[in-house]
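Here is the structure we will look at.
The values are calculated or read from the model by the stated rules, or taken from the named source; none is laboratory data. Nothing here was measured: the structure is a model prediction, and the numbers come from that model. Using ideal geometry, Cβ is built from the backbone for each residue, glycine included, and neighbour counts are taken over all protein chains shown.
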Amino acid sequence: MIKSTQPVASDTVPDAPTQPRHEMHNRWPRAESVSDFQANLAAVQARIDAACLRVNRDPAQVRLLPVSKTMDEAHIRLAHQAGCFLLGENKVQEAWGKAQAMADLTDLRWSVIGHLQSNKAKLVAKFASEFQALDSLHTAEILDRRLQAEGRTLDVFVQVNTSNEPSKYGLAADEVAAFMLKLRPFSCLRVQGLMTLAEFSSDAVRVRACFVRLRQLSQQLAQQHGALQLSMGMSGDFEIAIEEGATVVRVGQAIFGARSLPDDYFWPSR
């Protein structure tokens, strides 16, 4: 299990609260060249650096995961040329197709960050290096069996529904401790941390509360599981997530640009 630094406490947040940037949702300009991607990556990194500075964190503690869902091969190849070597994808079939089409990019790896149906677990076991939405023991069993057959291991994050929205996937916070203990026999699953999606809201207090809940949960689990990575925050709210201890931020539109498909394509309701 990878150790991370202890997340910051919420009382270190600056007096002027950071606000979500959801007004930019589906409005980010599309990156169409390597230089566009380089500029967007630099702008995102500057936001990461500034958020870390506000709460006295080292920016090296935060991993940026560019999210390429719905983006075509040509744009992904441009992003790769700009320095994106691990990409996040929501839909397994789409990610598998991209991985096959770009198998010539031997340093390009894939992180599956969306809900996984158990019948798609065999694909994840074949190509993914990371799975960030584990919330089912049945899926864990299938993944472990398939990974054994492939002779591979997989980094996984346990998804937690910190907003308590019925439409979202993820475990309730009070279910996570028991769930993680049940994962221990699965030798091919390397539990790295916890993942959450905050409430999509312009209310910074409500957004921050989701990230605080995940950080507090990780602190409760630390005695049994050690320090856990925290994957939380997307294009519109990752700065708040960093202020609350995020060690992984999943950023798509601020790097690739606006998408043409509606949100429920990426985050389907139950």
Tell me, please, whether a residue that is part of a helix (DSSP H, G or I) and more than 17 Å from residue 139 (Cα to Cα) can be found in region 181-198.
-> no
Residues of region 199-208 classified as of a type in the set (D, E, K, R), touching a helix residue (DSSP H, G or I) at 6+ places or on another chain (Cβ under 8 Å) and assigned to a loop (DSSP other than H, G, I, E, B), total = 1
Condition broken by residue 209, with the remaining ones in (1) out of contact with any strand residue (DSSP E or B) (no Cβ under 6 Å at 6 or more places or on another chain); (2) buried (at least 24 other Cβ atoms within 10 Å of the Cβ); (3) not polar (S, T, N, Q) satisfied | (2)
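Residues are listed down the side, and each one gets a yes or a no for (1) surrounded by fewer than 14 Cβ atoms within 10 Å (Cβ to Cβ); (2) in contact with a helix residue (DSSP H, G or I) (Cβ under 8 Å, 6 or more places away or on another chain):
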site: 122; (1), (2): no, yes
site: 149; (1), (2): yes, yes
site: 152; (1), (2): no, yes
site: 160; (1), (2): no, yes
site: 175; (1), (2): no, no
Residue among 163, 129, 167 that alone is touching a Cys at 6+ places or on another chain (Cβ under 6 Å) and closer than 27 Å to residue 91 by Cβ | 163
Could you grab the pairs with beta carbons closer than 7 Å, sequence gap of 6+ or different chains, first residue in region 178-202 and free of Cβ contacts under 8 Å to residues at least 40 places away in the same chain and under 14 Å from residue 248 (Cβ atoms), second one of a type in the set (Val, Ile, Thr) and not in a helix (DSSP H, G or I)?
-> 194/158; 194/160; 196/160; 196/162
Residues within region 230-243 that are buried (at least 24 other Cβ atoms within 10 Å of the Cβ) and at pLDDT 95 or above, tallied | 9
Unique residue being farther than 17 Å from residue 195 by Cβ and either surrounded by fewer than 19 Cβ atoms within 10 Å (Cβ to Cβ) or among the β-branched types (Val, Ile, Thr) (or both) when the list is 62, 55 | 55
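Rundown of residues vs (1) at pLDDT 60 or above; (2) of a type in the set (A, V, I, L, M); (3) in contact with an Asp or Glu (Cβ under 7 Å, 6 or more places away or on another chain), yes/no style:
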position: 1; (1), (2), (3): no, yes, no
position: 4; (1), (2), (3): no, no, no
position: 17; (1), (2), (3): yes, no, no
position: 20; (1), (2), (3): yes, no, yes
position: 25; (1), (2), (3): yes, no, no
position: 29; (1), (2), (3): yes, no, no
position: 34; (1), (2), (3): yes, yes, no
position: 42; (1), (2), (3): yes, yes, no
position: 48; (1), (2), (3): yes, yes, no
For region 128-163, how many residues meet the condition of being in a helix (DSSP H, G or I) and touching a residue at least 24 places away in the same chain (Cβ under 8 Å)?
-> 11
